[in-house]
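For reference, the structure is listed below as structure tokens.
The values are calculated or read from the model by the stated rules, or taken from the named source; none is laboratory data. Note that the structure is a prediction, hence the values are computed from the model and not measured. Cβ sites come from the backbone with ideal geometry, for glycine too, and all protein chains shown count toward neighbours. When the accessible area is computed, the model is the full protein with side chains, heavy atoms only, and any ligands, DNA or RNA have been set aside. Shrake-Rupley method; radii C 1.70, N 1.55, O 1.52, S 1.80 Å.
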Amino acid sequence: MNILVNDTPYELPEGATLADAIAALAPVPPYAAAVNRSFVPRSAYAAHALQPGDRVEVIRPVTGG
């Protein structure tokens, strides 16, 4: 199935979860994730099934003043 992760196309197997997409990206913690602009708590990554065409955003917090 084709999805976008941070606007980059990724091919994942059918039945892939948000945890699978994050593993493909291999971000350095800390980070947060959203699917189709909806925040997904870290505890739900493995249970959140992805659908073809989903848009996954993995973002890092920004600090500053």
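Here are a few things to note about the model shown:
- Sulfur and carbon atoms: percent of accessible area, the chain [1.4 Å]: 58
- Sites R55 and Y31, calculated FRET efficiency, Cβ-Cβ separation with R0 22 Å, nearest 0.05: 0.85
- Modelled label reach - A24, point 7 Å along Cα→Cβ, the stretch 40-65 residues with backbone N closer than 17 Å: 45-59
- The spread of Cα positions in the chain, taken along each principal axis and listed from longest to shortest, comes to 42, 24, 20 Å.
- Computed [θ] at 222 nm, deg cm²/dmol, the chain (DSSP H ≥ 4; -39,500 (n - 2.57); rounded to nearest 500): -3500 deg cm²/dmol
- Within the chain, the trypsin sites (Lys or Arg not before Pro) that combine a DSSP coil assignment with at most 13 other C-beta atoms in a 10 angstrom radius are R37.
- For the chain: accessible area per residue (Å², 1.4 Å): 65
- In a simple Cβ point-charge model (Lys, Arg +1; Asp, Glu -1; nothing else charged), the chain has a dipole of about 280 debye relative to its Cα centre.
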